[in-house]
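First up is the structure itself, then whatever we jot down about it.
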Amino acid sequence: MTIRNAPADAVEVQLFGGFRQFVPNGTLLVDTGDAKTVADLRREVERAFGDDDNALMLLKASAFATDRRVLDDESERFPSDEPLSVLPPVCGG
């Protein structure tokens, strides 16, 4: 979902579970720039977390999803017209 008053290439990513300790409101605005694939989006989210090793470890084990499905393949293009979420592992993975 694109945010009003945000750059056209920014998307809102919903965060759940353990990510709330890093982003209490559960929403991360990510500048996608030239990002087209799930792998590209993952790199942009990594950049947003900076050097927070705990957040980066959690992100590495997490999946990206829309409201309808998990985006399994890192080479898959992420939809820019659907809400996006990062889903942390449940019960250890």
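Just name the residue that is farthest from the chain's Cα centre (by Cα) out of those in region 58-93 that are of a type in the set (S, T, N, Q) and over 17 Å from residue 23 (Cα atoms).
If we filter region 58-93 for residues that are of a type in the set (S, T, N, Q), which is where we start, we get 62, 66, 75, 80, 85.
From what's left, over 17 Å from residue 23 (Cα atoms): 66, 75, 80.
On the way: 66: 10, 75: 15, 80: 12 Å.
Step by step, filter region 58-93, then rank; the result is 75.
Pull up region 11-26, narrow it to residues that are surrounded by 13 or more Cβ atoms within 10 Å (Cβ to Cβ) and free of Cβ contacts under 8 Å to residues at least 24 places away in the same chain, then point me to the one that is farthest from residue 50 (Cα to Cα). Give the steps one after another, and end with the answer.
To start, the set of residues in region 11-26 that are surrounded by 13 or more Cβ atoms within 10 Å (Cβ to Cβ) comprises 11-19, 22-23, 26.
Keeping just the survivors that are free of Cβ contacts under 8 Å to residues at least 24 places away in the same chain gives 23, 26.
Details: 23: 13, 26: 17 Å.
Applying the filter and picking the extreme gives 26.
Could you list all residues from region 48-80 that are touching a residue at least 12 places away in the same chain (Cβ under 8 Å) and among the charged types (D, E, K, R)?
We begin by selecting, within region 48-80, every residue touching a residue at least 12 places away in the same chain (Cβ under 8 Å); these are 48-49, 52, 54-55, 58-59, 61-68, 70-71, 73-80.
52, 67, 68, 73, 74, 76, 77 - these are the residues of region 48-80 that are touching a residue at least 12 places away in the same chain (Cβ under 8 Å) and among the charged types (D, E, K, R).
Looking at residue 45 and the list (1) within 12 Å of residue 13 (Cα to Cα); (2) free of Cβ contacts under 8 Å to residues at least 40 places away in the same chain, which single condition is not satisfied?
Every listed condition holds for residue 45 apart from (2).
If you check residue 29 against the conditions, is it of a type outside the set (D, E, K, R) and either closer than 26 Å to residue 81 by Cβ or exposed (fewer than 13 other Cβ atoms within 10 Å of the Cβ) (or both)?
Details: of a type outside the set (D, E, K, R): yes; either closer than 26 Å to residue 81 by Cβ or exposed (fewer than 13 other Cβ atoms within 10 Å of the Cβ) (or both): yes.
It is true that residue 29 is of a type outside the set (D, E, K, R) and either closer than 26 Å to residue 81 by Cβ or exposed (fewer than 13 other Cβ atoms within 10 Å of the Cβ) (or both).
Here, each number is a calculation from the coordinates, and none is a lab measurement. Every value quoted in this text rests on a predicted model; they were computed, and no experiment measured them. Positions of Cβ are backbone-derived with ideal geometry, glycine not excepted, and every protein chain shown enters the neighbour counts.
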